Amino acid sequence: MLGNPDPDAQLMLLVKQGDISAFETLVEKYKQPITNYVARILQDRDEAEDIAQNVFIQVFKTARRYKATAKFSTWLFTIARNFCLNEIRRRSRRPADSLETTNQSQHTPAANTSTSLNPPEPSKKIFDDELIELIDEAIASLPETQKTALLLVREEELSYEDIAKILGCSLSATKSLIHRARESLKQKIKPYLNE
Amino acid sequence: MKKHEFNILAKTVWKHTPSETELNELNRALDSVADKESFLKEELRLNELLGKLPDVSVPSNFTARVVEAAATQPARRNKLITALTLSPLRRRRVTAFAAVIVAAIIGVTGWKAFEHMNRVETAQSAAVFTEIAIEPDFETISNFETIYDLSQAPEVDNELLTALSQTDTGYDSY
């Protein structure tokens, strides 16, 4: 099949021919990383599920346009990022909506903890869970490009080149974004890092 | 931070937990970092915490819902295809109708072209005639008065002509 070694691309070629079970396999494999990505970019876990669902439906709808030369995961995350950017744009045009969703997202575990409201004193012993919540909040405060670069670098499927393609920037710019994001996170949690 | 240090960090730490060999390589490579030990400790700790970020809960029926929603997409497309698919009889009728339309278009276009060509030819002839009529040469204009005078000759006197014919013999005798 055009010599593409990417197994997901092979599945996508089957989807292109209308194979629903191949599509199901892809959804099953990527539902978690896509939902995680969308939730952390939008800081809205409720909306993340709907958007992730729309991402996969879009994949199915545009399957006929998929070219086997492209890596499936890169294509999928590009679609997911575009959905997130559209949602961010939509919210910026309708501030009332974003206020509403912010209130809704306060149901998320990260927002309900004491750390999000009153960050603990550095001198106090801080548990990993709280530190992770702090990291989650620190990620939320990053610019979208840094956030995307930082989150995608953790995806095994994606190389730096793939992330650069998704972000639409150069390889060195991508590495620079990751470095800046990590430095920013380290600054925010520095008092707790060496405990 | 130097470029090679930056690249080795990207290669060894950012994407995964580094192995012992990679850590040694990193230790040797980080020349410009003042407190190398603390820096590495922070990098690894951050890695560890990022690795522990919890997954966002995905409902168990997520895949089923997506597949169901996607399955309605080809159904819609099939409906459209079905709507466009014709029975052989209807296909023949549609083909005949299309042929008539095409022939009519060709006929009308041909007739229009023929008419246009005729008009052009007429216009061209008229143009030549007009050119001749409008631009008489100088000689014609200079003799215009003479020509005009000639055309203004007095009417034929029939009575005189009759009288002259009767006296023809007389003249001949002279």
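Every read-out reported here was derived from the displayed coordinates using simple, explicitly stated rules and does not represent laboratory data. These figures come from a predicted structure and were not determined experimentally. We place every Cβ from the backbone using ideal geometry, glycine too, and count neighbours over all the protein chains shown.
Considering every residue within region B:39-61, establish whether at least one is under 57 Å from the mean Cα position of the chain (by Cα), more than 7 Å from chain A (Cβ to nearest Cβ) and surrounded by 18 or more Cβ atoms within 10 Å (Cβ to Cβ). Yes: one or more hits. For the residues A:Ala9, A:Ala39, A:Ala22, the requirement of being of a type in the set (Gly, Ala, Ser), within 19 Å of B:Ala64 (Cα to Cα) and out of contact with any His (no Cβ under 8 Å at 6 or more places or on another chain) singles out A:Ala22. Taking A:Leu85, is it away from every other protein chain (no Cβ under 13 Å) and more than 21 Å from A:Leu158 (Cβ to Cβ)? Judged against the criteria, A:Leu85 is not a match.
Across region A:11-57, the qualifying residues are those that are assigned to a loop (DSSP other than H, G, I, E, B) and of a type outside the set (S, T, N, Q), and the one among them that is nearest to the other protein chains (Cβ to nearest Cβ) is A:Gly18.
Taking the criterion of being over 18 Å from A:Cys84 (Cα atoms) and assigned to a loop (DSSP other than H, G, I, E, B), the residues of region A:158-175 that qualify are A:Leu158, A:Ser159, A:Ser170. For region A:12-59, how many residues are under 19 Å from A:Asp136 (Cα atoms) and under 11 Å from the mean Cα position of the chain (by Cα)? Looking only at that region, the number is 13. Scanning region A:7-24 for residues that are crowded, with 17+ Cβ neighbours inside 10 Å and within 14 Å of A:Ser73 (Cα to Cα) gives A:Asp8, A:Ala9, A:Leu11, A:Met12, A:Leu13, A:Phe23.
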